[in-house]
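The values are calculated or read from the model by the stated rules, or taken from the named source; none is laboratory data. Computed from a predicted model, the values in this text were never measured in an experiment. Here the Cβ positions follow ideal geometry from the backbone for every residue, glycine too, while neighbour counts run over all protein chains shown. Only protein heavy atoms, including side chains, enter the accessible area calculation; ligands, DNA and RNA are left aside. Shrake-Rupley method; radii C 1.70, N 1.55, O 1.52, S 1.80 Å.
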Amino acid sequence: MSRRCCCAPARPLLRKPIRRRPPPPPPPTADQQFEALAQRYLQEAPEQSPVGATSLGDHRFDDRLDDVSAAGWQARLTFTELYLAALEPIDRGKLSRANQVDALLLLHDLQYDRWRIADAAALALEPAASTRASPATALYNLLAREFAPAPERLQNLGKRLDEMPRFLAQVREVLDPRASRRCTRKPRRSRTPV
């Protein structure tokens with residue numbers, strides 16, 4: 001009979017290899033942060049103004065008109081504030097020269113949008129003029145440029161025409177009654193001789 005030692009295991013212990021986690025990736029550089037933010041902005045911003053997107057050459061939203069209701073303007077303001085907040089922590093001093101220029105352009109564009117939207121008095125006087133969404137522009141840009149086959153452009157034109165009653169109702173909803181008087185006033189004649 002063989003005796004086994006109580007101290008020695010009968011079979012060797014199966015050891016699982018210790019898997020070491022790879023080191024975490026380095027934090028993104030300022031350029032990487034800004035480029036990711038800029039790409040996201042370029043994807044999301046055109047939806048805020050479909051008519052403006054058409055004029056800039058982005059045709060993903062050619063079948064829509066802008067939302068010029070009070071809720072639509074509030075959504076644009078929220079969108080603008082979110083991107084301003086996301087742009088703030090990026091150290092622009094650490095960006096490449098090209099990205100510094102782009103970051104300043106984006107910052108100024110967002111600040112302008114915030115100022116323009118927050119100026120409720122101007123929006124109430126001319127809600128459609130505060131965007132590129134005038135009815136004429138909305139339709140003209142689909143017809144004047146040959147960016148797609150004519151049947152496709154005409155189909156989008158029809159969809160925009162279908163949305164026109166909603167668009168005009170939103171304009172009337174936010175329009176200040178003083179605006180109609182301002183538009184119908186006759187221009188004053190100058191009293192100074194020419």
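Rounded to the nearest 20 debye, what is the charge dipole size of the range 19-127 about its Cα centre when +1 sits on each Lys and Arg Cβ and -1 on each Asp and Glu Cβ?
The dipole magnitude comes to about 820 debye.
Tell me, what ³J(HN,Hα) does each residue in the range 150-162 have, in order and in whole Hz, if you take phi through Karplus 6.51 cos²θ - 1.76 cosθ + 1.60 with θ = phi - 60° and put x for Gly and Pro?
3, x, 5, 5, 5, 5, 5, 4, x, 5, 5, 5, 5
Could you work out the mean projected area of the convex hull around the alpha carbons of the range 42-118, in square nanometres to one decimal?
Numbers: hull surface 22.2 nm².
Mean projected area for the range 42-118: 5.6 nm², to one decimal.
Top to bottom by accessible area (1.4 Å), largest first, where do L104, L84, L42 land?
Heavy-atom accessible area, descending, gives L42, L104, L84.
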